[in-house]
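Novice: Got a structure for you, questions after.
Readers should treat all values here as calculations from the given coordinates under stated rules, not as data from a laboratory. What you are looking at is a predicted structure, and each value in this text was computed from that prediction instead of being measured. Neighbour counts run over all protein chains shown; Cβ positions are idealised from the backbone, glycine included.
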Amino acid sequence: MTAEDRETRNAEAGSNGAGPVAQEALDSGKLAFQGEMPMASALEPRQLALAAALAAGIFTPGVDPVDEVLEKCVIVDGLTEVIEKLAVNEGSKNGSTDSGDYVDGFFDSDGKRVGTVTGTAVMLAKEPHIWQHHKSVTEFEDGTFETTGVIDGTAILHGLTQVFRVVGKTGRYAGKQGFMTLTIKDPAQRPPHYHTVFAMA
């Protein structure tokens, strides 16, 4: 079977025989490695909340009105995350992995400290990109939630957004789940400042 025959068969029946494959999916490979990667990739809070609603199973695409679903979501936006403490454990010297225990502060648009995140980052790879596993607990006055994720630190330093999983634990966030985005905001600061958005449903 030629490549052309295989593409025709896949288009008609789907690669698993379950049904036709949309033209957008068939052609998506043509977009790979084309042109320059945009430096900014921020996900809007409403878009993040919609993803949270999908993960929570309260949104059916093509059926539920988006605005009604978003009213059920909790969105925390407009915060700047600042690293306040960071202790590095050079475990790789002992045949293990490097890691860091950190405490970050969350500040609102007026510069008021409104929350604290306490967590651990484990270095998975240092090159060609920096990959880390993060696990943390965030505390606000109205509740707490746990955040986990595997992120590309090099991508963050190039202005690209990374996404974490969020699970509510207490208060306003108890029983909810969703996502957090992390994007570099001010790389000139030492350490840099980050923009964060949380959305749960």
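Novice: Work out how far the C-alpha atoms of the range 147-201 reach from end to end along every principal axis, then list the three figures in whole Å, largest first.
Specialist: 37, 19, 13
Novice: I'd like to compare 189-200, 87-98: which one has the highest average count of other Cβ atoms within 10 Å, and what's the full order after that?
Specialist: So the order, starting with the most tightly packed, is 189-200, 87-98.
Novice: How many percent of the alpha carbon pairs in the range 45-200 exceed a separation of 19 Å?
Specialist: 56
Novice: Packing-wise, with mean Cβ within 10 Å as the measure, how do 47-59, 63-75 rank, highest first?
Specialist: By packing density, highest mean first, the sequence is 47-59, 63-75.
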